[in-house]
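Taking it in order: structure first as structure tokens, then the write-up.
Read-outs throughout are calculated quantities, based only on the coordinates presented, and are distinct from any laboratory measurement. What you are looking at is a predicted structure, and each value in this text was computed from that prediction instead of being measured. Virtual Cβ from ideal backbone geometry, glycine too; neighbours counted across all protein chains shown.
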Amino acid sequence: MAGGEETELQTNENELTEALTDASSGAGTEAGTEAANAGPSIPRTLTSPLLRRDVTGGTIEGTRQGPIDTWRGIPFAAPPVGDLRFRAPQPVVPWSGVRSAGDFGAINPQPVRRRSQNSPAPVGADEDSLTLNIQAPAGVQPGEGRPVMVFIHGGGYSGGSSRDFSGHGESFVLEGGVLYVSFNYRLGSLGYLDFTRYATPERPIESNLGLRDQLAALEWVRDNIAQFGGDPANVTIFGESAGAGSVTTLLGVPRADGLFARAIAQSAPPSAVFRSRLSQTWAEEFVTILREQRRLRLEELERAASEPGYDPEAHDDVAHSAFAQSADASNNGGRKSDAPREHRFRIPVVTRTRDARAARAHAPQAAHATQVTQASQAAPDPSDLALLLEATPDELVAATSELSRQTPDAYPGAFCLAPTVDGEFVPEHPMRAVREGRGIQVPLIIGTNFREGSVFRGPLDILPTTAPRIGGMFSRAPSAGKKRMHASYPGLPSRHDGLTFGGDYAFWYPSTLLADWHSRHAPTRAYRFDFAPRLLRLVGLDATHGVEMFAPFDRFDLPLVRAMTSLGGRESYAAAGRRMRDAWLAFAKDGSFPDDWPAYGEETRTTRIIDVEDRLEDDPRHDARLAWKAFLPIFETLW
């Protein structure tokens, strides 16, 4: 290949990786992209009294957009602010009069990247973000009993919102006549770190707040969806990435039983549910980072105050903006900030306690083992709770981004933002609950993409894909497992095989295990999405994480998809999406499957391969599956 062609492909690879990173992490939530996210051009009409509905809390009024009736920004819980920060979701606060349901609610605080977007102005982020959205075929009346599909967005439990294109679902509504529901939930430290050790009798704190928000949204659907023409007894939950991880986790949440009839998990990380003691270690590290970042900011403000011409308000705004950008810097893989040099902050590397180091020594087993050393046996300083409660959302996001950056190297194979086995809301690891028949036994579709890990670099560098991280995992693996793993990934720790190894560890192998165990108790179907447009294959991304999302949602109008199919493959891509959407809709309506998609079971592990032409394979990647079984026996013994 000529040098110029290699350079062009490398440029395309970098640009596509960044764009897919935004799509996978939910970064496409800015005001300038809302029109692009809105799907096919659908004329918007005025609100009408005919679209008023009585729901928990009061009366709302939606809008009609051509063939679709829409209600957006509906609160499903009280704003989790002030005294309700770090508390389980509370009942909706009632309102008087008619509340407009024409616009999305705020997104939950998160690092919002501005690059590759149409507008530099981010959508408003607010802790008061627990809202949901409903789309229905125009004219559907209360009590019709239509199937309901509830989508849980992805984004690594740290980004994304129901504003993303997946939160719209027009194609499912128009083609399947279903009701489509999407919602926000708390992210990052507000939703997925366990701060319960800082609680006091006067100021309780609960765990698994993001997951509890999801349950509250499903309870709202149960209580209200009939008002919009939906059937509360015919609800299918589905999601992608962290949203799919939420689906598989909810299978092990006893309180979720009866809230959904079926489930679909696209590229789930089902093993990413960690012991509370490890999560509390991360919470302690988070507080250390938060305190240090605040100290640095105060030092900067003190230095500025001593300068001639100091303007407190102007400088505080600049410092606050630069402080917020520190989160972007961490989340952008260390790329240079746009803030002036004098206003940038050095993010500290946490000096961990001996107990934290002990926990790290067991990773990745620490993610799942019962013997993980607890974070700190000493009672927390009362000022720690005060710091957590008074910190601004920007401060929380910046500290979360730094903790997330440090974790993959300090705890290979673990991710600090994830649900927690707290012994109460999540009484045991959901995969163990499923295996032992204690999970929610509903029909399940589960699958992954062919090369999940190839996009996990730069801002998404969170998997065990580098030589030190892979080495950390190998150092604790049985000898026989190491040999089999080297045979299955002979290029380790090269970039190609390292990315494949990390993706298989996080998504493919645990999804295969979950399919095995769920199939013992409920109807299960497995798929693998192999289709990749020619450009993605040329740049080495292949069918990577998130690439299947554009297909069933019929979002071939997006600039990213047009770029991905610029060298061909658009028609085959769209056809694969139609087949997926048809299968998802049939499943959501009555639990049926295509005649040529047989049941999954441990005897054959028959998997539908979605490609230019779909096909069936029994136990695909058999040798790699057995290699992982030998390499990580803890996956099957300690749950």
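Quote to one decimal, in nm, the extra length available between residue 383 and residue 90 on full extension: 0.36 nm per residue of separation minus the C-alpha distance between them.
Answer, rounded to one decimal: 102.9 nm.
First measure r as the distance between the Cβ atoms of residue 144 and residue 409, then evaluate 1/(1 + (r/R0)^6) with R0 = 45 Å and state the FRET efficiency to the nearest 0.05.
Working: r = 53 Å, r/R0 = 1.18.
After rounding to 0.05, the efficiency reads 0.25.
Report the extension gain between residue 593 and residue 199 in nm, rounded to one decimal, defined as 0.36 nm multiplied by the number of residues separating them, less their alpha carbon distance.
137.1 nm is the gain from fully extending residue 593 to residue 199.
Which percent, to the nearest 5, of DSSP beta bridges fully inside region 44-193 are antiparallel? List each step's numbers first, then the result.
Details: 18 of 26 bridges.
Bridges in region 44-193 are about 70 percent antiparallel.
I'd like the Karplus ³J(HN,Hα) series for region 465-472: coefficients 6.51, -1.76, 1.60, θ = phi - 60°, whole numbers in Hz, and an x wherever there's a Gly or Pro.
These are the phi-based 3J(HN,Hα) values: 10, 9, 4, x, 5, 5, x, x Hz.
DSSP loop trypsin sites (Lys or Arg not before Pro) in region 165-263 with at most 10 other Cβ atoms within 10 Å of their Cβ, which ones? Could you put the intermediate results ahead of the total?
Details: sites: 186, 197, 212, 222, 255, 262; in loops: 186.
For trypsin sites (Lys or Arg not before Pro) across region 165-263 that sit outside H, G, I, E and B with at most 10 neighbouring Cβ atoms in 10 Å, the list is empty.
5 Å is the cut-off here: which amide hydrogens, built 1.01 Å from N in the peptide plane, fall below it relative to residue 68, excluding neighbours closer than 5 in sequence?
Distant-sequence amide H within range of residue 68: 138.
With a cut-off of at most 14 other beta carbons within 10 Å, and DSSP calling the residue loop, which trypsin sites (Lys or Arg not before Pro) in region 431-537 qualify? Please list them.
Filter output for region 431-537: 520.
Give me a comma-separated list of calculated 3J(HN,Hα) values for region 582-596, in order, Karplus coefficients 6.51, -1.76, 1.60 applied at θ = phi - 60°, integers in Hz, x for any Gly or Pro.
4, 5, 4, 5, 4, 4, 5, 6, 8, x, 7, 10, x, 4, 9
Using 0.36 nm per residue, how much length does the chain from residue 257 to residue 311 gain when fully extended, once their Cα-Cα distance is taken away?
Fully extending the segment from residue 257 to residue 311 adds 13.8 nm.
Specify the inter-centroid distance of region 50-77 and region 536-590, based on alpha-carbon positions, in whole Å.
30 Å
Once you place label points 7 Å from the Cα toward the Cβ at residue 629 and residue 302, how far apart are they in nm?
6.1 nm
Separation between the residue 557 and residue 622 pseudo-spin-labels, each 7 Å from Cα along Cα→Cβ, expressed in nm?
Computed distance between label sites residue 557 and residue 622 equals 4.7 nm.
If amide hydrogens are placed 1.01 Å from N in the peptide plane, which non-local residues have theirs closer than 5 Å to the one on residue 445?
Here the answer is 263, 264, 265, 525, since their amide H atoms fall under 5 Å of that of residue 445.
Let's test the formula: R0 of 35 Å, r as the Cβ-Cβ distance of residue 566 and residue 615. What FRET efficiency results, to the nearest 0.05? Don't skip to the answer; put the middle values down first.
Numbers: r = 27 Å, r/R0 = 0.77.
That pair, residue 566 with residue 615, gives E of 0.85.
Rounded to the nearest 0.05, what FRET efficiency do residue 128 and residue 291 give with R0 = 35 Å and r taken as the Cβ-Cβ distance? Could you check?
Values: r = 26 Å, r/R0 = 0.74.
After rounding, the FRET efficiency stands at 0.85.
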